[in-house]
Each structure stands twice: as structure tokens, then as C-alpha cells.
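Quick notes on the structure that follows.
The values are calculated or read from the model by the stated rules, or taken from the named source; none is laboratory data. Everything numeric in this text was worked out from a predicted model, so none of it was measured. Cβ placement follows ideal geometry from the backbone for every residue including glycine, while neighbour counts extend to all protein chains displayed.
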Amino acid sequence: MRLKEKISRTGDIPVMEPQRQFYFMELAKQYVEKLSEEKGRPLTFCVNTFGCQMNARDSEKLCGILENIGYVETDSENADFVIYNTCTVRENANNKVYGRLGYLSGFKKRNPDMLIALCGCMMQEETVVEKLKQSYRYVDLIFGTHNIYKFAELIVQCLESDSMVIDIWKDTDQIVEDLPVDRKYSFKSGVNIMFGCNNFCSYCIVPYVRGRERSRKPQDIIREIEKLVADGVVEVMLLGQNVNSYGKNLEEPMSFAKLLQEVEKIEGLERIRFMTSHPKDLSDELIEVMKQSKKICRHLHLPLQSGSSRILQQMNRHYDKEQYLALVQKLRAAIPDIALTTDIIVGFPGETEEDFLETMDVVEKVRYDSAFTFIYSKRTGTPAATMPDQVPEDIIKDRFDRLLARVQQISAEKAGALTGQICDVLIEEKNGQDESLVTGRLSNNSVVHVKGDESLIGKIVPVHLQECKGFYYLGEVVNES
Ligand code: 5AD
Ligand code: SF4
């Protein structure tokens, strides 16, 4: 056991969630109190998040539980409890975790009571857990994406055991509501509307590690947002791997567009964002709702992945180049000021120079405000991993460089389109470089640096966009009087 003595439990352990977790939080609290008394100082924790916004939101849940049981947050990984919330979408994300684990072991040698936990998508891969069991014995706790809500219970289990605690589930249909969350920002928040993915794009590991699609009930989502708004939140980002298929598996099915209309009604909420939209499921109803909305931001992230219809079919994306371009046209006709961003993969198996030029052609035609470009990464277990004609590295690198250069050139040309206008900016943070500035975002997600101080953080203010410097604006708050 990692502790000198076990605390005796009082009462029955609740079977129902979230009551069961609150029971374990109470128990964990007693352990943490005892340990910090022994050490004569508070116990510290550090959560390191890899990957997407889903993981960032999950980490806020982990922080909420750790704070609830008495740990104090620190930026340093030289802490009493370090947890890595991992990503596995590309191979280099995995390598980063192994590298950093080696470095953590140095801290643990000096602080043997330190607890190291790993969770998130990478832990859902059997080969990863095997490798950790073999070569990283100093890891204390491993859990996956489906049982994150059980964190308090797992911490207690870990403190009461002296071997590695591993709890990975293959899938789940459970969604546990109402656990503590520690938000990174006081004025904006991610809100999960669904978990998992049913699309099985042939290159992607997400459906295997995040399980099947499950939507939260609209009442639960609305209630959470209402509470957030009462707590000072003005912007929410609705999160799901494919938000456009929200609600299909609910007892009373509901479309994503309808959900957005309900969210729009919440008084005090100023801005709504969402992520990610699969082009195959983006409905006319959604475009109409966005067009009419006063709160939905003028930004859409619409992953292209490839511009070649042949490759898109191999990718199992269920749209072709022409359909994608038609969708963009429809969106721009309805909402002319919408900013479009995308994800593109270069070097999918079998991609020829002609296929790549089709991708370049879409980039040329759509002119994205920005694009995330990725080199194809082979994920074991996905259909693409065993496809013939994996593209040689040097060819991929050359295509990647050409794509990135063009994407950046277009972004630079497009930035600054709003120069001279007065636009609302949500001020988010102090500027890291210049003390006299604070930084925020426009509805279309562009970054704006504004003269002002911390008192503006969390406020939406009208700003005169005076100048565009590369990828951001410089502006001044306009006094409304
Ligand atoms: N290789 C490279 N990029 C990938 N993505 C997903 N899987 C892979 C992979 N195997 C990219 C997609 C997706 C984004 C989140 O990550 O572009 O939209
Ligand atoms: Fe992966 Fe495709 Fe699901 Fe996105 S929609 S998470 S790319 S399988």
C-alpha cells in the first residue's frame, strides 16, 4: 500500500453515480489531508494535456476532482500528483508521452511518494498499456477515456494499493453528469454535447479509442450552460467528434440545429462556437440556423482531409470534391462573412501527385482563413494502415511543404479583411509580450491585441481594428457613449 494505514470506511458505498464518486472524493480528501499533515505542506498536482479540445475539457474535470480532494495546482511537473491526459491521433503524440515519462521518473526518484497517472486516448491501445507494464513500472495509475468520471474512486484504489492500478474499458453507454470541474477560463468553456465517433474514417483511430457515438440529453446540456452563464461564462464551445450527427441516438432524437436554437435562447450567453463538423452531415437546417443566429460565431471548422474524390472514397469520408465545394459555396452564399478553417492530411496511402494537386486546387478555390496540415500517420488497427502504396517519406515531405506554404500565403492575404471596421472582441488574456495590451478574439476567431488592462478580461467590447499585423489585428476599444 502506498499509505501507512488504510482509513476505515463508513456507511455503504453508493452504487449510483455520481453519488458513488462523491463518496470516494470524501475518502480521498481524508487521505490527502493525512499525507499533507505528514509532509507539513499542501500536496500539489499538475495535469498535462495533449491533443484536442475534448481532452482539454476532460482535463478540467480531472482538475476539478483533484482540487475537490485537496490537491493544489502547480505548473511544475515536480509535483505530488502528475497526470498526462494523452492523445494518439498521430504516432508522434505517443512518442512525446514516452519521452516525457522518462523525464518524470527523475522527479519520482527524489520524491518517491509522487503519483504518476496516465489517461486519455493512448491508454485505450492494448500495445501501449503492455509497453507501460513492461518498461514504465513507476507509473501508478492508468485509465482510459470511458471511465474518466471514476477518477476519485481510482485515486483511492491507487492510494490503497502498492502496484500499478489499471482500469481500461472497451466502451460504455454511460454518461455521468454533475461532477466537479475546474475551468481554465472564467468566461468561456467547452461543453461536451456528445462522445465517441461512428464514422470510421479509414486513417483514424478515434472511433477505436473513444467508442461509439453517445449524445448527452439536451436538458443536461442546457442546464450545464445555464449554470456556466450564471457563473460568468459568455462563450461556449459545443464539443463532439462530429457535432452534425448530434442527437441521432437519443430516445427522443433531436438535430444539432435544434440544439443550437435551444442554446441560443439562454439569456446572458453571448457567443456559441462548435467543433467539429463533418461535411457529410452538415444540413441546410444548420446553415439556416447559423444565418439567423445572433450568437453563433462566424466561423466554421470544416475538415477537408483531401481534395481528391478518389482518396476521399478511400478515406471513407462519404463526400467528394464537388460536394465539398458546393457546400462551401452554399455556406458562403448564406453567411458571406463566415471564416472557414480546415484539416488536411498529406500522404494518405496511394496518394499520387494528381491527387495532391486536387487538394491544392480545393485550397485555391476555398481560400481557407487557416488550415491545419498533417502528415499521414499510420495507426495500427485502422484500415488505412494495411493499404498498399504507402507514400515514401521524401515525397510526403515535399507535398507537405508546398501545401503549407500555399495555405499560409492565403491566410496572410485573407487576414486583415476587417481592417478599419469596429467589431466585437471577447478579451481573453493579458498579452504575453506587451504589458499595455490585452488579447481577444473576434466572432470569426481572428486574434486582436487591444490597448487595455486586465479589467477587460472576460468582457465583449467594440474594438476599432486599426491595423493588421500578419495574422492578428491591433485595435482600440471604442467608448460607447
Ligand atoms: N494521420 C494524420 N492526421 C490524422 N488526423 C486524424 N487521423 C490522422 C492520421 N492517422 C487528423 C485529421 C483530423 C485531425 C483532428 O487529425 O485531419 O481532422
Ligand atoms: Fe476520426 Fe473521422 Fe471520427 Fe473525425 S469523423 S474522429 S476523422 S473517424
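Quick notes on this one:
- Residue ID - modelled with the lowest pLDDT, chosen from residues in segment 361-409 that are of a type in the set (S, T, N, Q) and within 11 Å of ligand 1 (Cβ to nearest atom): THR380
- In this structure, TYR246 qualifies as buried (at least 20 other Cβ atoms within 10 Å of the Cβ) and either of a type in the set (Phe, Trp, Tyr) or touching a Leu at 6+ places or on another chain (Cβ under 9 Å) (or both).
- Count of residues meeting criterion [at positive phi and within 14 Å of ligand 2 (Cβ to nearest atom)] in segment 343-395: 1
- Among the residues listed as GLY70, GLY64, the single one being touching a Lys or Arg at 6+ places or on another chain (Cβ under 8 Å), small (Gly, Ala, Ser), farther than 25 Å from ILE205 by Cα and in contact (Cβ under 8 Å) with a residue 24 or more places away in the chain: GLY70
- Any hit, segment 171-181, residues being in a strand (DSSP E or B) and either on the phi < 0 side of the Ramachandran plot or not hydrophobic (A, V, I, L, M, F, W, C) (or both): no
- Residue in segment 182-204 that is within 15 Å of ligand 2 (Cβ to nearest atom), buried (at least 21 other Cβ atoms within 10 Å of the Cβ), of a type in the set (Val, Ile, Thr) and in a loop (DSSP other than H, G, I, E, B) present: yes
- Scanning segment 1-21 for residues that are in contact (Cβ under 8 Å) with a residue 24 or more places away in the chain and surrounded by 13 or more Cβ atoms within 10 Å (Cβ to Cβ) yields a total of 7.
- All positions within segment 158-206 that are among the aromatic types (Phe, Trp, Tyr), more than 16 Å from ligand 1 (Cβ to nearest atom) and in contact (Cβ under 8 Å) with a residue 60 or more places away in the chain: TYR185, PHE187
- Test: residue in segment 113-134 that is assigned to a strand (DSSP E or B), without any contact (Cβ under 8 Å) to a residue 60 or more places away in the chain and acidic (Asp, Glu): no
- Subset of segment 301-339 [more than 14 Å from ligand 1 (Cβ to nearest atom), of a type in the set (A, V, I, L, M, F, W, C) and either part of a strand (DSSP E or B) or within 30 Å of LYS265 (Cα to Cα) (or both)]: LEU327, VAL328, LEU331, ALA333, ALA334, ILE335, ILE338, ALA339
- Residues of segment 446-481 that are surrounded by fewer than 16 Cβ atoms within 10 Å (Cβ to Cβ), of a type in the set (Gly, Ala, Ser) and in a loop (DSSP other than H, G, I, E, B): GLY470, SER481.
- Unmet requirement for VAL229, which otherwise passes all of (1) assigned to a helix (DSSP H, G or I); (2) within 16 Å of ligand 2 (Cβ to nearest atom): (2)
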